[in-house]
Every structure is written in structure tokens, then in C-alpha cells.
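Remarks on the structure that follows.
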Amino acid sequence: MNEIKDNTEQLLRTSTIDNPVETRELLQKLEASLPIAVRLNEHGFNSLREQGKNINNDIVLQVDSVLYIGDMGGILCAIECEMGSDSGKEVLMTSITHLKIDPSHPLAEQIKQYQKKRLVSMAIADSGKRRNKFKPQKKKRGFAG
């Protein structure tokens with residue numbers, strides 16, 4: 001267990017996406033309040049479907065554990081769920097940004113803020129890789145200069 005905590009600390013120290021202090025605090029609060037009722041958001045549902053996992057989008061799932069995996073995935077949530085009549089239970093791992101948190105949960109607002117900040121930070125980090133082609137500006141109408 002200490003090895004996981006050491007790895008988490010190392011990943012938090014080197015993170016360029018997440019605020020280490022806020023993320024560490026949220027992670028500790030999440031661990032203390034497990035299990036947490038969640039649903040998959042559209043991105044999470046589509047991601048699992050692409051992996052061949054057929055989960056009903058309306059079912060309430062339960063986060064059983066959380067860990068931090070650095071810039072690549074942020075806070076990762078382990079969810080045990082039924083995968084069908086003959087498949088039995090399976091543990092799925094997904095980023096907290098792919099989940100909708102029960103709004104009545106005491107950490108719901110803090111989780112939502114983390115999700116927003118992380119998505120914005122990821123978009124900024126990715127912006128250097130995905131630049132749109134330069135579009136010439138349209139001629140302005142009005143006063144001639």
C-alpha cells in the first residue's frame with residue numbers, strides 16, 4: 001500500500017494537468033467516502049462500448065476504489081458491475097471525468113469542479129498538437145482606414 005501512495009505522490013509532483021494540492025485533497029476525501037454512486041456520462045459510455053463492454057447507460061454504478069494515475073488519466077475509479085447474464089461481474093476502470101456523480105453526494109460539487117478544470121487543462125495541453133489551419137480574416141465592413 002505504501003508503494004501505491006509513493007507512486008501517487010510522485011505522479012502528483014510531476015503533474016502538468018492537475019493541481020497537486022487540490023487533487024491530493026480530493027483523492028483523500030473520495031477514499032474516505034467510498035462507495036460512491038455514479039452513472040457513466042456520454043463519453044464514458046461510448047468509450048466502454050468501443051471496448052466491447054455493453055452496459056446499460058441508465059444503471060447506477062458504484063465506485064469501490066480510486067487511485068491517481070497522473071496526467072494520462074487523472075483520478076481513476078474502479079467500478080464493479082454486471083456485464084450480462086453469462087459474463088458475471090467485472091471490474092471496470094475509468095477516469096472520473098467519464099462519470100456523472102450523484103448530485104446529492106457531499107463531494108459532488110468538488111468532483112464537478114475537478115472534472116471541469118481537468119478537461120480545460122487537457123484541452124490547453126492538447127492545443128499545441130491540434131491546431132486548425134490558419135483562416136484568413138474576412139474584410140471588415142464599415143469605416144475605411
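Brief remarks on what is shown
- Selection within the range 24-51 - over 18 Å from residue 106 (Cβ atoms) and touching a residue at least 60 places away in the same chain (Cβ under 8 Å): 40
- Yes/no for residue 95 being modelled with pLDDT of 90 or more, of a type outside the set (Lys, Arg), surrounded by fewer than 17 Cβ atoms within 10 Å (Cβ to Cβ) and within 23 Å of residue 32 (Cα to Cα): no
- Criterion violated by residue 31 - all others in (1) loosely packed, with under 13 Cβ neighbours inside 10 Å; (2) within 28 Å of residue 124 (Cα to Cα); (3) at pLDDT 90 or above satisfied: (2)
- So residue 79, is it β-branched (Val, Ile, Thr), under 15 Å from residue 25 (Cα atoms) and touching a residue at least 40 places away in the same chain (Cβ under 8 Å): no
- Scoring residue 87 on the criteria (1) hydroxyl-bearing (Ser, Thr, Tyr); (2) surrounded by fewer than 19 Cβ atoms within 10 Å (Cβ to Cβ); (3) over 16 Å from residue 41 (Cα atoms); (4) at pLDDT 85 or above leaves a single failure, condition (4).
- Candidates 40, 11, filtered to the one that is modelled with pLDDT of 90 or more and of a type outside the set (Lys, Arg): 40
Table: residues versus (1) polar (S, T, N, Q); (2) at pLDDT below 85.
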residue	(1), (2)
20	no, no
65	yes, no
82	no, yes
103	no, no
109	no, no
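The values are calculated or read from the model by the stated rules, or taken from the named source; none is laboratory data. Bear in mind the structure is a predicted one, so any value in this text is a computation, not a measurement. Glycine gets a Cβ as well: all are built from the backbone with ideal geometry, and neighbour counts include every protein chain shown.
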